[in-house]
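Read the structure below first, then the notes.
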Amino acid sequence: MLAQTPPMGWNSWNTFGWKDLHADVVKETIDAFVSEGLKDVGYEYIVIDDTWQAFERVDGKLTWDSERFPNGIKPLADYAHNKGLKFGIYSCAGTYTCAGRPGSYGYEEVDAQTFAEWEVDFLKYDACYIPANLHNPTLYKRMGQALRVTGRPILYSICEWGKNQPWEWAAETGGHMWRTTGDIDDSWKSILEIGFHQQVGKHPYAGPGGWNDPDMLVIGMHGRGNVAAGGCTDAEYRSHFGLWCLLAAPLMIGCDVRNMSPLARELLLNRRLIAVNQDPLGRQGYRVGQVEYAWEMMDIWAKPLADGSIAVGLFNLGDNRTQKIPMAWEAIGLHDRRPCRVTNLWTGDDLGVHTRSFTSEVAPHDGLIVKITPER
Ligand code: GLA
């Protein structure tokens, strides 16, 4: 059974885009997954995005761009498998991919078979150049069916940008994760829009086997790479990672892991936060409420965990002032006299036993993630 917890890995798009994807980058990324300890904390799938393909099919089959991948795709999948990792690939439900390489429309079974022969473990399936009048749910079902026919367990990642409410039908197609939004870029504006605004109300649709996907992580990009858009501050990257963990979102790294910043390491390798994301209960966090002070918005998000504790995020979405954010026990289903221990999940610090509420100061754009554990 695939995707019993949110998938974790890396995808080439955010940093390497259409121009800079080639086999060396992928190989070195696989090496870095091991040497940087990313594999040890659970990151698993190495996914190559658009532009791995040659511009023409050969005998009706997809083949690789021989300049970028001189030895083909199978040796890279083997390389990942030999290091204990999994390998993913990209295709598109339309006639072309977004970059204008051949799409899988009309070739679903042939392409699924090709991917299975290469021992691919993950397919990201995009939605560019879909012929007029064809319905995304129909085309996604077709590829889902084709993947099942191969007999190989291939994690199916649906990327139609949330256009046709995929959270309502993507699981039926066999999807294990589905994009709920357009593309993320490396800016606070994008994190606010895609994360804090567009995920509200989506939590009932996620669970073991199928997850809402608010797109890949921009942590550690620092204004460089394909989706560069000015970059984010440390506080903004912290809020981004904290929210994605609370959302039980797939954690697909988008930065260049061969050269991670100290902040990227600190966030992406935080085992306490990853445990929240990977919690076996599989609940997606939801927005508990918002508090407004002096025209600045504070968000409170909560994710119930399997052991009876609750992970809570206190986010200051305002631009100007450090604010005190209060979190009342009633808001997350606790009786107000219930003593609970509060732990700072960024640092592991014990913040003491509290009743009724917990309040903390949070700097602009920052997010404090705590765990609230009822005392035994
Ligand atoms: C779309 C997707 C991106 C990426 C590109 C590749 O924009 O949403 O995530 O896969 O296509 O062309």
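The table below lists the values:
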quantity	calculated
Solvent accessible area, Å² - Asp319, 1.4 Å probe, full protein context	100 Å²
Computed lengthening from Lys27 to Ala132, 0.36 nm per intervening residue step minus Cα-Cα distance	33.9 nm
Extension gain from Ala363 to Glu172, taking 0.36 nm per residue of separation minus the Cα-Cα distance	64.5 nm
Inter-label distance for Arg337 and Gln4, nm, one decimal - labels placed 7 Å from Cα along Cα-to-Cβ	4.0 nm
Amide proton proximity set for Leu155, modelled H, under 5 Å, gap of 5+	Phe122, Leu123
Among 8-16, 26-34, 366-374, the order from most to least packed when residues are scored by Cβ within 10 Å on average	8-16, 366-374, 26-34
Candidates Tyr293, Tyr125, Tyr90, ranked by Gaussian network fluctuation over the chain, Cα under 10 Å, top entry	Tyr293
Two-site label geometry, Val149 and Lys74: point separation in nm, points 7 Å out along Cα→Cβ	2.1 nm
Residues Thr95 and Asp234, FRET efficiency given R0 of 56 Å [Cβ-Cβ distance, rounded to 0.05]	0.85
Sum of -39500 (n - 2.57) over DSSP H runs of 4+, divided by residues of the chain (222 nm, nearest 500)	-6500 deg cm²/dmol
Residue-normalised accessible area of the chain, expressed per residue, 1.4 Å probe, Å²	40 Å²
Restraint check, Lys39/Lys124; Lys27/Lys163; Lys163/Lys303; Lys163/Lys371; Lys39/Lys189; Lys83/Lys124, Cα-Cα greater than 28 Å	Lys27/Lys163; Lys163/Lys371; Lys39/Lys189
Whether the stretch 179-245 is rounded, prolate or oblate, judged on the alpha carbon gyration tensor where a/c under 1.5 counts as rounded	prolate
Accessible-area composition of the stretch 45-202, carbon plus sulfur, in percent [1.4 Å probe]	48 percent
The stretch 8-277, relative contact order [Cα under 8 Å, separation at least 6], %	18 percent
Helical segments meeting 30 Å axial Cα length and Kyte-Doolittle -1.0 threshold in the chain (DSSP H)	none
Alpha carbon centroid spacing (whole Å) that separates the stretch 128-169 from the stretch 243-292	26 Å
DSSP-defined antiparallel bridges as percent of all bridges, the chain, nearest 5	60 percent
Within a Gaussian network of the chain (alpha carbon springs, distance under 10 Å), most fluctuating of Leu134, Leu217, Leu251	Leu134
Overall form of the stretch 260-376 per C-alpha gyration tensor (a/c, 1.5; a/b vs b/c)	oblate
Gained length - Ser261 relative to His81, 0.36 nm times residue gap less alpha-carbon distance	62.1 nm
Residue among Gly201, Gly225, Gly333 with the largest mean-square fluctuation in a Gaussian network model of the chain, springs linking Cα atoms under 10 Å	Gly333
Cα shape, the stretch 8-277, gyration tensor, a/c 1.5 rule	oblate
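The values are calculated or read from the model by the stated rules, or taken from the named source; none is laboratory data. Predicted model only: the values in this text are computed from it and were never measured. Quick reminder, even Gly has a Cβ in these numbers, built from the backbone with ideal geometry, and neighbours come from all protein chains shown. Ligands, DNA and RNA are excluded from the accessible area calculation, which covers all protein heavy atoms including side chains. Shrake-Rupley method; radii C 1.70, N 1.55, O 1.52, S 1.80 Å.
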